Amino acid sequence: MRPEGDRNELKRRRQLKTGSIAGEDAASLGGANLELRTALPEDYPGVGALLVEVYVGGGFSPAERAPVLRAVEPLAADGELIVARDERGGLMGTVTFLLSGSRHVELAREHEAELRLLAVAPAARGRGIGEALVTECIRRARDHGCQRLVLSTQPTMAPAQRLYMHAGFVRAPERDWSKAGSPRLAFTLELARATYRRSADS
């Protein structure tokens with residue numbers, strides 16, 4: 001008999017494959033069936049390559065950070081590394097979900113969870129993949145009984161900031177910080193009133 005957690009994960013994957021993505025429908029994902037799940041070891045090389053492509057290739061991280069971004073095993077061991085794959089198994093995006101107290105959190109305090117390293121493959125953008133990954137983190141934070149979900153982003157990441165605000169996150173300037181001299185903007189989401197707001201054109 002499967003443990004309860006395994007049964008829930010399988011149920012979740014079946015729902016995602018039919019397009020039932022936390023209130024989203026298949027049309028909002030360009031008609032694609034999407035599988036969201038915790039990454040397996042065989043996913044790690046692809047996830048690392050995607051993070052390097054998005055963060056280093058996009059000019060958000062220096063080239064010397066590429067080996068750190070590529071080595072996702074510590075993130076997977078410390079938190080929940082989530083992948084989004086299409087019906088052919090192609091990697092469309094990833095995000096890392098962390099609980100407070102994890103070694104890789106940058107912002108989360110007690111009773112909070114943190115969303116980090118959201119990345120969507122360039123060819124998959126505009127199809128709701130980022131929305132689905134953020135919504136999955138919201139769901140997991142609620143399942144863990146967290147009071148809020150937090151994240152930080154760079155000022156130049158305007159599309160990501162729009163995505164987060166659309167999901168209900170609000171700016172928390174009192175929690176802004178900097179990393180290696182680069183400013184980080186803090187956002188928080190109170191989970192008691194978190195409901196993903198679909199845009200008029202979604």
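Please treat every number below as a calculation from the coordinates, not as lab data. Note that the structure is a prediction, hence the values are computed from the model and not measured. So basically every Cβ, Gly included, is an ideal-geometry build from the backbone, and we count neighbours across all protein chains shown.
Residue count for the stretch 157-188 under the criterion of being within 16 Å of Tyr55 (Cα to Cα), surrounded by 14 or more Cβ atoms within 10 Å (Cβ to Cβ) and not charged (D, E, K, R): the result is 3. Of all the listed residues (Thr135, Thr153), the sole one being over 27 Å from Arg65 (Cβ atoms), polar (S, T, N, Q) and under 17 Å from the mean Cα position of the chain (by Cα) is Thr135.
Taken over the stretch 55-78, the residue count meeting the criterion of being among the polar types (S, T, N, Q) and surrounded by fewer than 16 Cβ atoms within 10 Å (Cβ to Cβ) is 0.
Look at Cys146 and say whether it is assigned to a helix (DSSP H, G or I) and in contact with a strand residue (DSSP E or B) (Cβ under 6 Å, 6 or more places away or on another chain). Spelling it out, it is not the case that Cys146 is assigned to a helix (DSSP H, G or I) and in contact with a strand residue (DSSP E or B) (Cβ under 6 Å, 6 or more places away or on another chain).
Filtered by the rule that a residue be under 22 Å from Leu50 (Cβ atoms), among the basic types (Lys, Arg) and either touching a Gly at 6+ places or on another chain (Cβ under 6 Å) or part of a loop (DSSP other than H, G, I, E, B) (or both), the stretch 104-128 gives Arg125, Arg127. Among the conditions (1) closer than 24 Å to Leu149 by Cβ; (2) in contact (Cβ under 8 Å) with a residue 12 or more places away in the chain, the only one that Ala77 does not satisfy is (2).
Does Arg127 meet the test of being more than 8 Å from the chain's Cα centre (by Cα), more than 19 Å from Leu191 (Cβ to Cβ) and in contact (Cβ under 8 Å) with a residue 12 or more places away in the chain?
yes
Scanning the stretch 100-118 for residues that are buried (at least 18 other Cβ atoms within 10 Å of the Cβ), touching an Asp or Glu at 6+ places or on another chain (Cβ under 8 Å) and either under 15 Å from Arg140 (Cα atoms) or in contact (Cβ under 8 Å) with a residue 24 or more places away in the chain (or both) turns up Ser102, Leu107, Ala108, Glu114, Arg116.
How many of the residues in the stretch 143-156 are surrounded by fewer than 19 Cβ atoms within 10 Å (Cβ to Cβ) and hydroxyl-bearing (Ser, Thr, Tyr)?
As a first pass, look at the stretch 143-156 and keep what is surrounded by fewer than 19 Cβ atoms within 10 Å (Cβ to Cβ): 143-145, 147, 154-156.
With the extra rule that they be hydroxyl-bearing (Ser, Thr, Tyr), the set shrinks to 156.
Residues meeting the conditions: 1.
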